[in-house]
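Q: My questions all concern the structure below.
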Amino acid sequence: MMRLPLFQFRAPRTIEEATRILAGEGPSAMPLAGGTDLLPNMKRRQQVPKTLLSLRHIEELTRVRMNAASRLGACLTLADIACDRRFRNGLTALTQAAAQVATPHIRNMATLGGNLCLDTRCNYYDQNYEWRKSINFCLKKDGDTCWVAPGSPKCMAVSSTDTAPALMALGARVRLVSAAGEREIPLADLYQPDGFHYLTRRPDELLTEVLVGNRYGWRSTYWKLRRRGSFDFPVLSVAAAASISVSGIVEEARIVIGSTASRPLLAADAAKFLIGRALDQDTIAACAALAAKIAKPLDNTDFDMSWRKKVTAEFVAYALRELRGDNVTAERASLTRLTPSSDSPFSIL
Amino acid sequence: MPEEKNPPSSSKGQTSEADDLRVIGKSRRRVDARAKVTGQTRYADDIVLPRMLHCKLLRSPHPHARIRKIDFSRALAHPGVHLVLTGKDVPIAYGILPVSQDEQALCVDHVRHVGDPVAAVIAREELTAFEALDLIDVDYEILTTISNPEQALATPSPRIHDYGEEGNIHKRVSLAFGDVEQSFTEADHVFEDTFFYQGNTHLPIEQHASVAIKDPDGKLTIWSSTQTPHYLHRALAKVLRMPPAHIRVIATPNGGGFGGKSDPFNHEIVVAKAALLLDRPVKICLTREEVFYCHRGRHPVLMKFKTGVKKDGTITAMNLQTLIDGGAYGSYGVASTFYTGALQTVTYHVPRYHFQGCRTFTNKPPCGPKRGHGTVQPRFGQEVQLDKIAEKLSIDPADLRLKIAESSNTVTANFFRLSTVNLSECIRRVVKSSEWGNKFRKLPEGRGVGLACSAYLTGAGLPIYWNKMPHSGVQLKLDRGGGVTIFCGATEIGQGSDDVLAGIVAEVLGLDTLDIRLFTGDTDLGPVDLGSYSSRVTIMAGNAALQAAERARTILADAVSERLGVPKERLKFANKRVFDSAAPETGMTFPEAVVLAESRFGTIGTVGCYTPPKSPALYKGGGVGPSPTYSYSAAVVEVEVNPATGWITIPRIWIAHDIGRALNPALVRGQIEGSVYMGLGEALMEEQEFRRLPKRLSHALVHKFPSMLEYKSPTSLDMPQVFTELVEEPDPRGPFGAKEVGQGPLLPIMPAVANAVYDAVGVRIDEVPITPEKILKALAEKRAGRAPRYGPDRFPAVHWPEPLRVPPPWEGGDGNAINDVSPRQKSPSEREREAATRLHTRSEVLSSS
């Protein structure tokens, strides 16, 4: 079997202690939250940190504060989020996204912060050491060619987080804390268009909290494309959130396309198009076409890339129809392979 | 869903017996269930021994290259490393088939696929061994890579192997049973269709693992997750040059096999060699990626069916051509090649049949036997073509199949003898339970149903190496405490073979299965059983166990009859007692009966064995396909297809299986549902896909995603509702009438999905996997007014040999070829190879008479 490389293990009890260690160790230290992605990556030698900094014992990181606005600790598990009914109304898209990550076992370990910082993925990179050696490695790790786009100066690995598109649609912000101080930035600004340097988080910073403003009157939803009903990372995702007037007119909206580039993409034109319109068939079709334009999937994930592109508009339409209040149970069930039940985050809007 | 009942009819008075059965036919807890559910089953990787070392293999990063030089001095000097082995240490070639002794445990001078092992490091820790792999310097000379069969046909050199037909063609066959060309001219319609079946892999949850030790007396013991301990035993004796009597192979319970653990593997030989050299236990547990490199999975097959039919659907003749991507080694490939043409005639009546098959070598992990071995691919083609034929002739596909289904006690055009055939009953059952008549061509757009059938052998009629010994043996020991112990070489790979043996013995001796002790899969402890492949264990080890148990019963009955003064025929063995069936209170407990018999006759032990009946297929190549009896299945699949995205959902599947008799119905249903699951994976998503890097860069040919995450196989959430029915007519050749169930029910699933997709949206997907993007492409073709289809449109030119002409039975044939001047004649290359591998001299594959 594959063995982990050797590493030092630190288990601080406070954010302050953690950031002090990060500052001291430099980029060779990595925070370890649920470990569901980092540890397998280490076995494949994609990351070989000298020090792992467990966040498990920092109580503050699992705190939830919900008033009109919400503050979610970065170490809440995805199961905490998917199962907690408190989130289902204001943060529907988030609970739907969390419920669709990987498997129940992984959701019991994996954290919100971990999913937001999830390493970008690529079929040329998510392979073990020997496989990568046989292609002479790649731009993201140990090599100098991006195999999916050999002319590209930039790594084209794909953002594969489920929760980020959902939280971006909800207009979330994140708090980053370091020994030197702290900052709060829009979640969208955590990401940058480079599969290698995909986060703007500095190595000495810890993502401690996710903040979502008052979303009263908003509806949100998350749709995910993956081959199977479980396990798989998204290879296309659509998150949408809107505030819709009683007469059915869209007042504000955000649409995010995930898993087609190195970061989640805000479909700004498509969202803007909705403002002042009712979500009728024509509006949905036109908006979906606009949103799908920005999706430019490459051949480095599951499914044929041109097919992923082709069905993007369809997925945007599912999301908008759900926001409009349509019953999309059948479409949802055929994609998630889940039997509709009252306990599922997909049954409440 | 109707409950299956014991069928009304039967041969040999088995019906009256059936009413009386107490163990057989009852769903009961399998004998190894407790260990499995409590996590106590000891798999090979669970074995940890004092002073044990760990082994890792350095594998080729190149798809095709010569090894110029290996320098492992740095690795050997690495702290914690005990030994480094290279090909020179284990140079003797081996392979599962006597005609394909083309593997070396570590490549000596030629690597043939990415992942081919070139060196082994044995170290104190697995991590140390892994790190030391990077310290081995190998100098390679890169050779031209052959990536698919068309390239193999067009590129005779460099040769991947220096044997085979010519160039990179491993095996070419042509068998003609009657004049098909004449029959095509007499047909009302002739259909020609080309299909492609993508390769896929077994994906057992347990990765292969082995632990070897040098016993205190100097002998070798190896524990390994293997389906075929006997064949591994032979390979080890050959490569290590040791007397077989000094080698003990213990097959640990396999965490799934499906054919992927039926070859002797390089890692098994390497740890054995290392343990002998170091006199310390050596273990290896493969990574998932390495399991993909062991492979031996489903061959990718391009096939062309030409079928002549009368207006009423009767088949007049069939010509089947298969082009097979074999990968880098022979493995079972010669047998696989014949299997692609073997069972067409066993399912439906084909009066004249011409089969042409060609297997090529390519620079990819070797293909081999996966559940349904070689018959799955042409079954897909044949069943989809029948759907097209039915539509053209305006016959319901179920009615068409009922018309042409084979019947019991016949001999096929290619001389396979059929025993019981209940295909028609299977069709009738699924037609009824699925309400086929209300659904076929009647569901709204986007929803559809499809039907397909299959046949499969219940055990290969011939062993892998030529010999006249039994295929399976059982020893039974009865002790004076009433204990019964079964010794048998049969290998438990999760299919329930231990439970089958216990069930049969318990039934005959009137015991409970949980009272019986089993020692199986151990070459030292039990008589040979050839292995868990070809659905052979129930019929062969089962019949051997039956014979041994009946002999034991006779001994006990003699003693009890004498003591009680009751005629032997009146004695009954049941409820752990032996008693007078006319006066049940007259009798004794089973332990008392054993004590009585042991006092009278001495220590009690019996043996049983089984050899399949001789096959009438006497022609060269007739060794692949004969079986004591065949199982039959029929399935109806319901699909929903979203025409905007091509997304496929399968809500329900109905399947009926001709099992002969279900020895433990719970296990039979488990096998059927497992087959449905595996079939859906092959139908919808599984692909052993390779990626060719750009030529100007590295041009490497790598497995696209050798991982369980990215090689997509369905999850439990993706499973539909499955409605299973068992069709039971005891087969006179099976123990208590049982036939196979391990493989057959897989076969109808893939074509039934394709046929259902056509019913739903009117497009033909003539290849697997059937994916949403292929459906969308076919729908686009349909909208553009072109053929509504996705699939291959040509079959490349193959230089076929002159066919062996074997007149079918109804044209006066006797099972021999009329133009085979010397049935024993072999090509010079085959002669050379056989001379080089004197240990195994003759092959049933080439000379089967």
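The values are calculated or read from the model by the stated rules, or taken from the named source; none is laboratory data. Just so we're clear, the structure is a prediction, and the values are computed from it rather than from any experiment. When we count neighbours, we look across all protein chains shown, and the Cβ atoms used for this are built from the backbone with ideal geometry, even at glycine.
Q: Only one of A:PRO165, A:PRO234 is touching a strand residue (DSSP E or B) at 6+ places or on another chain (Cβ under 6 Å), under 21 Å from A:THR92 (Cα atoms) and away from chain B (no Cβ under 14 Å). Can you tell me which? Show your work before the answer.
A: Details: A:PRO234 fails: away from chain B (no Cβ under 14 Å).
Among A:PRO165, A:PRO234, only A:PRO165 is touching a strand residue (DSSP E or B) at 6+ places or on another chain (Cβ under 6 Å), under 21 Å from A:THR92 (Cα atoms) and away from chain B (no Cβ under 14 Å).
Q: Another question, if that's okay. Working only within the range B:580-607, note down all residues that are touching an Asp or Glu at 6+ places or on another chain (Cβ under 8 Å) and under 23 Å from B:ALA545 (Cα atoms).
A: Kept after step one, since they are touching an Asp or Glu at 6+ places or on another chain (Cβ under 8 Å), are these residues of the range B:580-607: B:586-587, B:594, B:597, B:600-601, B:604.
Scanning the range B:580-607 gives B:VAL594, B:ALA597, B:PHE601, B:ILE604.
Q: Give the residues of the range B:596-617 that are over 43 Å from the mean Cα position of the chain (by Cα) and surrounded by 16 or more Cβ atoms within 10 Å (Cβ to Cβ), sorted by residue number.
A: The one that is over 43 Å from the mean Cα position of the chain (by Cα) and surrounded by 16 or more Cβ atoms within 10 Å (Cβ to Cβ): B:LEU596.
Q: Continuing with the same structure: Give the residue that is surrounded by the fewest Cβ atoms within 10 Å (Cβ to Cβ), with candidates limited to residues of the range B:203-219 that are among the β-branched types (Val, Ile, Thr) and touching a strand residue (DSSP E or B) at 6+ places or on another chain (Cβ under 7 Å). Please lay out each step first, then the result.
A: Initially, the range B:203-219 is screened for residues among the β-branched types (Val, Ile, Thr), giving B:205, B:211, B:213.
Restricting the remaining residues to those that are touching a strand residue (DSSP E or B) at 6+ places or on another chain (Cβ under 7 Å) gives B:211, B:213.
Working: B:VAL211: 26, B:ILE213: 24.
Going through the qualifying residues, I end up with B:ILE213.
Q: Take A:GLY217 and tell me if it is within 14 Å of another protein chain (Cβ to nearest Cβ) and farther than 23 Å from A:GLY195 by Cβ. It would help to see each step written out before you state the result.
A: Numbers: within 14 Å of another protein chain (Cβ to nearest Cβ): no; farther than 23 Å from A:GLY195 by Cβ: yes.
For A:GLY217, the condition - within 14 Å of another protein chain (Cβ to nearest Cβ) and farther than 23 Å from A:GLY195 by Cβ - is not met.
Q: Which fully enclosed helices (runs of 4 or more DSSP H) of the range B:344-446 have 1 or more residues being among the hydroxyl-bearing types (Ser, Thr, Tyr)? First the steps, then the outcome.
A: Values: elements: B:344-347, B:376-392, B:397-404, B:423-433, B:436-439.
Because the criterion is at least 1 residues that are among the hydroxyl-bearing types (Ser, Thr, Tyr), the helices (runs of 4 or more DSSP H) in the range B:344-446 that meet it are B:344-347, B:423-433.
Q: Considering the range B:137-176 alone, what residues qualify as being buried (at least 18 other Cβ atoms within 10 Å of the Cβ), aliphatic (A, V, I, L, M) and not in a strand (DSSP E or B)?
A: B:LEU143, B:ILE146, B:ALA152, B:LEU153, B:ILE160
Q: Next question, about the same structure. Is there any pair with a first residue in the range B:385-406 that is under 18 Å from B:MET750 (Cβ atoms) and at pLDDT 95 or above and a second that is in a loop (DSSP other than H, G, I, E, B) and among the hydrophobic types (A, V, I, L, M, F, W, C) whose Cβ atoms are under 6 Å apart and which are 6 or more apart or on different chains, and what are they?
A: Cβ pairs passing all conditions: none.
Q: Give the residue that is surrounded by the fewest Cβ atoms within 10 Å (Cβ to Cβ), with candidates limited to residues of the range B:529-573 that are of a type in the set (S, T, N, Q) and in contact with a helix residue (DSSP H, G or I) (Cβ under 7 Å, 6 or more places away or on another chain). Walk me through how you get there before you give the answer.
A: Taking the range B:529-573 first, the residues of a type in the set (S, T, N, Q) are B:532, B:534-535, B:538, B:543, B:547, B:554, B:561.
Subsequent filtering for residues that are in contact with a helix residue (DSSP H, G or I) (Cβ under 7 Å, 6 or more places away or on another chain) retains B:532, B:538, B:543, B:561.
Working: B:SER532: 29, B:THR538: 32, B:ASN543: 27, B:SER561: 17.
In this case the residue turns out to be B:SER561.
Q: List the residue pairs whose Cβ atoms are under 6 Å apart, where the first residue sits in the range A:300-314 and is more than 7 Å from every other protein chain (Cβ to nearest Cβ), the second is part of a helix (DSSP H, G or I), and the two are 6 or more positions apart or on different chains.
A: Here the result reads A:THR312/A:ALA292; A:ALA313/A:ALA288; A:ALA313/A:ALA289; A:ALA313/A:ALA292, each pair linking the range A:300-314 to a residue that is part of a helix (DSSP H, G or I).
Q: Hey, another quick one. Scan the strands (runs of 3 or more DSSP E) fully inside the range B:689-739 and keep the ones with 1 or more residues being within 14 Å of another protein chain (Cβ to nearest Cβ), buried (at least 18 other Cβ atoms within 10 Å of the Cβ) and in contact with a helix residue (DSSP H, G or I) (Cβ under 7 Å, 6 or more places away or on another chain). Let's see the steps before the verdict.
A: On the way: elements: B:690-692, B:701-703, B:721-727.
Fully inside the range B:689-739 and qualifying: B:701-703.
Q: With respect to B:GLU673, determine if the residue is assigned to a helix (DSSP H, G or I) and under 20 Å from the mean Cα position of the chain (by Cα).
A: It is true that B:GLU673 is assigned to a helix (DSSP H, G or I) and under 20 Å from the mean Cα position of the chain (by Cα).
Q: Residue check: is B:THR322 under 30 Å from B:VAL211 (Cβ atoms), out of contact with any His (no Cβ under 8 Å at 6 or more places or on another chain) and hydroxyl-bearing (Ser, Thr, Tyr)? Working first, answer last.
A: Values: under 30 Å from B:VAL211 (Cβ atoms): no; out of contact with any His (no Cβ under 8 Å at 6 or more places or on another chain): yes; hydroxyl-bearing (Ser, Thr, Tyr): yes.
Answer is no for this residue.
Q: If the Cβ limit is 7 Å and pairs must be 6+ apart or interchain, which residue in the range B:99-117 that is within 14 Å of chain A (Cβ to nearest Cβ) and under 18 Å from B:LEU143 (Cβ atoms) pairs with which residue that is among the aromatic types (Phe, Trp, Tyr) and not in a loop (DSSP other than H, G, I, E, B)?
A: Cβ pairs passing all conditions: B:GLY115/B:TYR293.
Q: Can you tell me which of B:CYS107, B:CYS55 is not small (Gly, Ala, Ser) and not in a loop (DSSP other than H, G, I, E, B)? It would help to see each step written out before you state the result.
A: Details: B:CYS107 fails: not in a loop (DSSP other than H, G, I, E, B).
So the residue among B:CYS107, B:CYS55 that is not small (Gly, Ala, Ser) and not in a loop (DSSP other than H, G, I, E, B) is B:CYS55.
Q: Return the residues of the range A:211-262 that are without any contact (Cβ under 8 Å) to a residue 60 or more places away in the chain and of a type outside the set (Gly, Ala, Ser); say none if nothing qualifies.
A: Across the range A:211-262, the qualifying residues are A:VAL246, A:ILE249, A:VAL250, A:GLU251, A:GLU252.
Q: When the range A:238-261 is examined, which residues are found to be surrounded by fewer than 24 Cβ atoms within 10 Å (Cβ to Cβ) and in a loop (DSSP other than H, G, I, E, B)?
A: A:SER245, A:VAL246, A:SER247, A:GLY248, A:ALA261
Q: State the number of residues belonging to the range A:108-145 that are within 14 Å of another protein chain (Cβ to nearest Cβ) and in a helix (DSSP H, G or I).
A: Here the count works out to 6.
Q: Is it the case that A:LYS272 is buried (at least 23 other Cβ atoms within 10 Å of the Cβ) and at pLDDT 95 or above? Steps first, answer last, please.
A: Details: buried (at least 23 other Cβ atoms within 10 Å of the Cβ): no; at pLDDT 95 or above: yes.
For A:LYS272, the condition - buried (at least 23 other Cβ atoms within 10 Å of the Cβ) and at pLDDT 95 or above - is not met.
Q: Look through the range B:768-789, keep the residues that are within 11 Å of chain A (Cβ to nearest Cβ) and assigned to a helix (DSSP H, G or I), and return whichever of them is surrounded by the fewest Cβ atoms within 10 Å (Cβ to Cβ).
A: Of all residues in the range B:768-789, those within 11 Å of chain A (Cβ to nearest Cβ) come to B:769, B:771-777, B:780.
Okay, now just the ones that are also assigned to a helix (DSSP H, G or I), so B:772-777, B:780.
Details: B:PRO772: 21, B:GLU773: 18, B:LYS774: 22, B:ILE775: 24, B:LEU776: 23, B:LYS777: 19, B:ALA780: 13.
By that ranking, first place goes to B:ALA780.
Q: Of the residues that make up the range B:631-650, is at least one assigned to a helix (DSSP H, G or I), away from chain A (no Cβ under 14 Å) and not small (Gly, Ala, Ser)? Outline the logic, then answer.
A: Keep residues of the range B:631-650 that are assigned to a helix (DSSP H, G or I), which gives none.
Scanning the range B:631-650 turns up no residue that is assigned to a helix (DSSP H, G or I), away from chain A (no Cβ under 14 Å) and not small (Gly, Ala, Ser).
Q: Further question: For the range B:59-76, which residues satisfy the criterion of being part of a strand (DSSP E or B) and in contact with an Asp or Glu (Cβ under 7 Å, 6 or more places away or on another chain)?
A: Of everything in the range B:59-76, those that are part of a strand (DSSP E or B) and in contact with an Asp or Glu (Cβ under 7 Å, 6 or more places away or on another chain) turn out to be B:ARG59, B:ALA65, B:ARG66, B:ILE67, B:ARG68, B:LYS69, B:ASP71.
Q: Here is a further query. With respect to B:PRO79, is the statement that it is part of a loop (DSSP other than H, G, I, E, B), buried (at least 23 other Cβ atoms within 10 Å of the Cβ) and within 14 Å of chain A (Cβ to nearest Cβ) true? Steps first, please.
A: Numbers: part of a loop (DSSP other than H, G, I, E, B): yes; buried (at least 23 other Cβ atoms within 10 Å of the Cβ): no; within 14 Å of chain A (Cβ to nearest Cβ): yes.
The answer is no for B:PRO79.
Q: Filter the range A:1-29 down to the residues that are over 22 Å from A:LEU72 (Cβ atoms) and aliphatic (A, V, I, L, M), then identify the one that is surrounded by the most Cβ atoms within 10 Å (Cβ to Cβ). Write out each step before concluding.
A: Of all residues in the range A:1-29, those over 22 Å from A:LEU72 (Cβ atoms) come to A:1-11, A:20-21, A:23-29.
Narrowing further to those that are aliphatic (A, V, I, L, M): A:1-2, A:4, A:6, A:11, A:21, A:23, A:29.
Numbers: A:MET1: 15, A:MET2: 18, A:LEU4: 13, A:LEU6: 9, A:ALA11: 15, A:ILE21: 19, A:ALA23: 15, A:ALA29: 22.
Among residues in the range A:1-29 that are over 22 Å from A:LEU72 (Cβ atoms) and aliphatic (A, V, I, L, M), the one surrounded by the most Cβ atoms within 10 Å (Cβ to Cβ) is A:ALA29.
Q: Also, I was wondering about something else. I'd like the residue in the range B:276-294 that is buried (at least 22 other Cβ atoms within 10 Å of the Cβ) and in contact with a Lys or Arg (Cβ under 7 Å, 6 or more places away or on another chain) and, out of all such residues, is nearest to B:HIS113 (Cα to Cα).
A: Result: B:TYR293.
Q: Give me a count of the residues in the range A:333-349 that are within 13 Å of chain B (Cβ to nearest Cβ), in contact (Cβ under 8 Å) with a residue 24 or more places away in the chain and not hydroxyl-bearing (Ser, Thr, Tyr).
A: Looking only at that region, the number is 3.
Q: Okay, next question. Quick check on the range B:667-680: of everything there that is small (Gly, Ala, Ser) and buried (at least 23 other Cβ atoms within 10 Å of the Cβ), which residue is nearest to the other protein chains (Cβ to nearest Cβ)?
A: Kept after step one, since they are small (Gly, Ala, Ser), are these residues of the range B:667-680: B:670, B:674-675, B:679.
Retained after the next criterion (residues that are buried (at least 23 other Cβ atoms within 10 Å of the Cβ)): B:675, B:679.
Values: B:SER675: 19, B:GLY679: 16 Å.
Among them, the one singled out is B:GLY679.
Q: Among the candidates B:VAL474, B:VAL449, which residue alone is within 26 Å of B:ALA752 (Cβ to Cβ), crowded, with 24+ Cβ neighbours inside 10 Å and not small (Gly, Ala, Ser)?
A: On the way: B:VAL474 fails: within 26 Å of B:ALA752 (Cβ to Cβ).
One residue alone meets the criteria, B:VAL449.
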